[in-house]
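Contents: one structure, followed by commentary.
The values are calculated or read from the model by the stated rules, or taken from the named source; none is laboratory data. Being a predicted model, the structure only gives us computed values, none of them experimental. Don't worry about glycine lacking a Cβ; one is built from the backbone with ideal geometry, like all the others, and counts go over all protein chains shown.
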Number of protein chains: 2
Amino acid sequence: MSKQLDFFYFIGSTYTYLAVMRAEELARQAGVSLNWRPFSVRTLMREQENIPFSSKPLKLKYMWRDVERRAERHGLDWRDVPKYPIDAEERANRVATLAAMEGWCPQFTRAAYRTWFLEGQDPGEQAALAALLAELGKDPQSVIAAADETTVREQYLAETDTARQLGLFGSPTFVCGSELFWGDDRLEDALAWCLAH
Amino acid sequence: MSKQLDFFYFIGSTYTYLAVMRAEELARQAGVSLNWRPFSVRTLMREQENIPFSSKPLKLKYMWRDVERRAERHGLDWRDVPKYPIDAEERANRVATLAAMEGWCPQFTRAAYRTWFLEGQDPGEQAALAALLAELGKDPQSVIAAADETTVREQYLAETDTARQLGLFGSPTFVCGSELFWGDDRLEDALAWCLAH
C-alpha cells in the first residue's frame with residue numbers, strides 16, 4: 001500500500017494557491033497518495049484568535065509579494081494581488097467537500113484557485129462558481145444545491161473537527177500520522193517525512 | 001564587487017538559530033557577501049502588536065517541533081526545547097552590535113545561539129555571556145561594559161530604526177535592495193534573488 005499524506009486546506013487561504021498547484025505532481029513523483037481534505041480553517045483561526053493579517057499591514061504586504069515570488073519560482077501563473085478575503089459563506093469550500101466525497105476534489109480546487117488568482121473572481125460567489133462547475137462538466141445548479149444540504153455541511157464540520165483535534169491552526173497543513181507540516185513551503189518536508197516513516 | 005545581502009536578526013528569535021548556523025556557508029557558496037545586522041525585532045513586533053506565540057499554544061508547540069525537524073534536515077545540532085523568551089535586557093544583542101562594529105559578529109552570534117540552544121543557558125545573562133566571550137578570546141568585563149555604553153546603544157537603536165524604515169516585522173529577514181525575505185526558509189530565495197538582480 002502506498003504512503004498516505006493528508007492535505008488539509010481552505011479555499012481562501014493565500015499560500016494554499018501554491019500548494020494546490022504543486023502538491024499532486026510532487027506527491028506523484030514521490031509515490032505518495034494525497035488525500036485532499038477541505039476544512040474551515042477560518043473557524044479554527046477565529047477560535048484561536050489567530051488573525052495573521054487584518055491588523056498587520058506590513059505582514060499583509062509582504063505575504064502577497066512572497067506569494068508572487070514563490071509562484072514565479074515554481075513556474076506558476078500570477079496575475080495580480082487578488083481580492084481578499086473571499087468565500088464569505090464557505091460555499092466553494094462546501095463544494096470542495098462534496099467533490100472530495102465524489103472523487104473530483106483536486107480538479108475542482110485547482111479550478112477554484114484559477115478563478116480566484118488568475119481571473120480575479122470570488123469562487124464562492126454563485127455566478128463564478130457556476131461558471132467553473134460548468135467548465136468541469138458538472139451541473140452547476142445541482143452541485144450548488146447539494147453543497148447547501150445537511151450531508152455536505154455535516155461532512156465539512158466533521159473534517160473541521162478532525163483538524164481541530166489534530167491541532168491545526170493554518171492552511172495548508174500536511175499531516176502524516178501525528179506529524180503536522182504547515183505551509184506550502186513544508187510540502188517537500190512532509191513528503192520526505194512520509195516516505196521515511 | 002561582490003553582491004551584498006543584509007542579514008537582519010535578533011538573538012532571541014527561534015527560527016533565527018537555523019539561519020545563524022546556515023547563512024555564512026550558503027552565502028560563501030553563492031559568492032554573496034553577508035552583512036550581519038542585529039536589531040531589536042522585539043521593539044518592532046511590540047509596536048506592530050505582532051505577538052505570534054504567547055497566546056497561541058498550538059502555534060508555539062508546532063514552531064518548536066518544526067525548528068527541531070528543520071535542524072535535523074540541515075544537519076544542525078539539537079538538544080531540547082530551550083528556555084524562551086531570553087535576553088530580557090537585550091544585552092546579548094547589544095554585544096552583537098558591538099561585535100558587528102568590530103568585525104567579530106558571526107562568531108559571537110553563533111556562540112550565543114550555541115549557549116542558548118545547546119547548553120540551555122540565556123546568553124543575555126551576565127555569567128553565561130561572560131563565559132562565551134572568554135571562549136571567544138575576548139575580555140568579558142570590558143566587552144559587557146562597552147555594550148552598556150551610549151555608542152553601542154545608539155547603534156542598536158539606529159539599526160532597529162533602519163529595520164523599521166525597511167518594513168521589517170520579523171527575524172531573520174534578509175534584505176537585498178528593497179526586497180525582503182522573511183524567515184530562515186527564505187534564505188535560499190534571498191541568495192538567488194541577490195545573484196539575479
ask   = Within region A:125-169, which residues are away from chain B (no Cβ under 14 Å), closer than 30 Å to residue B:52 by Cβ and surrounded by fewer than 18 Cβ atoms within 10 Å (Cβ to Cβ)?
value = A:157, A:158, A:161, A:162
task = Evaluate region B:13-27: report whether one residue or more is without any contact (Cβ under 8 Å) to a residue 12 or more places away in the chain and in contact with a Leu (Cβ under 8 Å, 6 or more places away or on another chain).
result = no
query = Got at least one residue in region B:10-17 being modelled with pLDDT of 95 or more, crowded, with 21+ Cβ neighbours inside 10 Å and in contact with a His (Cβ under 7 Å, 6 or more places away or on another chain)?
reply = no
ask   = Among the numbered criteria (1) free of Cβ contacts under 8 Å to residues at least 60 places away in the same chain; (2) more than 18 Å from the chain's Cα centre (by Cα), which single criterion is violated by residue B:30?
value = (1)
message = Test of understanding: among A:92, A:88, A:71, which residue is of a type outside the set (Ser, Thr, Tyr), touching a residue at least 40 places away in the same chain (Cβ under 8 Å) and away from chain B (no Cβ under 14 Å)?
response = A:92
query = Within region A:32-53, how many residues turn out to be charged (D, E, K, R) and crowded, with 16+ Cβ neighbours inside 10 Å?
reply = 2
request  = Pull up region B:170-187, narrow it to residues that are touching a strand residue (DSSP E or B) at 6+ places or on another chain (Cβ under 6 Å) and of a type in the set (A, V, I, L, M), then point me to the one that is nearest to the other protein chains (Cβ to nearest Cβ).
outcome  = B:180
ask   = Could we say that residue A:66 is modelled with pLDDT of 95 or more, more than 24 Å from residue A:99 (Cα to Cα) and surrounded by 15 or more Cβ atoms within 10 Å (Cβ to Cβ) here?
value = yes
inquiry  = Please determine whether any residue of region A:107-117 is touching a residue at least 60 places away in the same chain (Cβ under 8 Å) and closer than 28 Å to residue A:178 by Cβ.
reply    = yes
